[in-house]
């Protein structure tokens, strides 16, 4: 059976990390390695990691501690340390369904896949149970996965994708360490462009925990990193002559710009809001949104309001 490398970046996650790790260790399956990157935590994260390693001698657990460099550095280190034929990413406060890792191994083993994608849920109670229910899935072209990831309305998040390790390592794929936002879907976009055979699991397998910490991030100019990530992703797809490249480029750049514009306005960040309008051609992106069939009516209405009056948009959204 192919070995899986599960990469978990850890930063001040003492509250949830034990539960996260247990979600992949509770299966009757030892054919995986757990790669835990402690990214300069200042709480009890390191103590918990050491305890788990000490109490599970039969499992391959790699713990690497570094000064705080950010999640991209941590994930890149995990890729470097990995030795499995399959690479899985898991955030330190989320969990996978019981039985998912073993099922994932069998999928890759029996079908020579490059990528597997599942769905996420915000409620643990709706997680799919692989030991009790019949799995529904289908073979898909990776470009179709990319399209769904682009338009999915948040049904799919970054850790929902698992990859044949050669897809990542043979193409020197790493996370952009100069971006604080958008680096994850930039990675997914690039990785999918190198995949030939994909599989989509139609079940909610990944529990994305919305914690107080994740919901209370400070709004800064770094939010505009998602715009740069969109541009880099578009350029990469165009360079590879991906069939979705042009459509992706038009949609994702405008969507990213709208998202940041809306975030600044809704957070009452007046200075950042007007700085964005000054430095980016927001009006052009709003016109693209109005003409596109890929955006819902609410987004189009908001874009129309901005075109009429950026001041009115700010007041309405705020």
What are the residues in region 284-305 that are in contact with a helix residue (DSSP H, G or I) (Cβ under 8 Å, 6 or more places away or on another chain), in a helix (DSSP H, G or I) and closer than 27 Å to residue 147 by Cβ, if any? 285, 286, 287, 288, 289, 290, 299, 300, 302, 303, 304
Among the residues of region 122-131, which ones are surrounded by 19 or more Cβ atoms within 10 Å (Cβ to Cβ) and either in contact with a strand residue (DSSP E or B) (Cβ under 7 Å, 6 or more places away or on another chain) or on the phi > 0 side of the Ramachandran plot (or both)? 127, 128
Number of positions in region 181-216 that are surrounded by fewer than 17 Cβ atoms within 10 Å (Cβ to Cβ) and either in contact with a helix residue (DSSP H, G or I) (Cβ under 9 Å, 6 or more places away or on another chain) or within 17 Å of residue 140 (Cα to Cα) (or both): 3
Residue 146 touching a helix residue (DSSP H, G or I) at 6+ places or on another chain (Cβ under 6 Å) and in a helix (DSSP H, G or I): yes
Within region 66-106, which residues are at pLDDT below 95 and either within 17 Å of residue 173 (Cβ to Cβ) or part of a helix (DSSP H, G or I) (or both)? 100, 101, 102, 103, 104, 105, 106
With respect to residue 189, is the statement that it is in a helix (DSSP H, G or I), under 20 Å from the mean Cα position of the chain (by Cα) and farther than 30 Å from residue 309 by Cβ true? yes
One residue is enough: does region 38-59 have a residue meeting the conditions surrounded by 15 or more Cβ atoms within 10 Å (Cβ to Cβ), touching a residue at least 40 places away in the same chain (Cβ under 8 Å), outside any helix (DSSP H, G or I) and out of contact with any strand residue (DSSP E or B) (no Cβ under 6 Å at 6 or more places or on another chain)? no
Being over 18 Å from the mean Cα position of the chain (by Cα) and either buried (at least 18 other Cβ atoms within 10 Å of the Cβ) or not assigned by TED's automatic domain parsing to the domain that holds residue 8 (or both) is the filter here, so list the residues in region 108-121 that pass it. 108, 113
Can you tell me which residue among 242, 171 is assigned to a loop (DSSP other than H, G, I, E, B) and assigned by TED's automatic domain parsing to the domain that holds residue 125? 171
Residue check: is residue 226 free of Cβ contacts under 8 Å to residues at least 40 places away in the same chain and outside the structural domain of residue 95 (by TED's automatic domain parsing)? no
Could you go through region 149-162 and let me know if any residue there is surrounded by 20 or more Cβ atoms within 10 Å (Cβ to Cβ), closer than 30 Å to residue 45 by Cβ and over 17 Å from the mean Cα position of the chain (by Cα). no
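The values are calculated or read from the model by the stated rules, or taken from the named source; none is laboratory data. What you see is a predicted model; the values in this text were computed from it and never measured. Ideal geometry is used to build each Cβ from the backbone, glycine not excepted, and the neighbour counts take in all protein chains shown.
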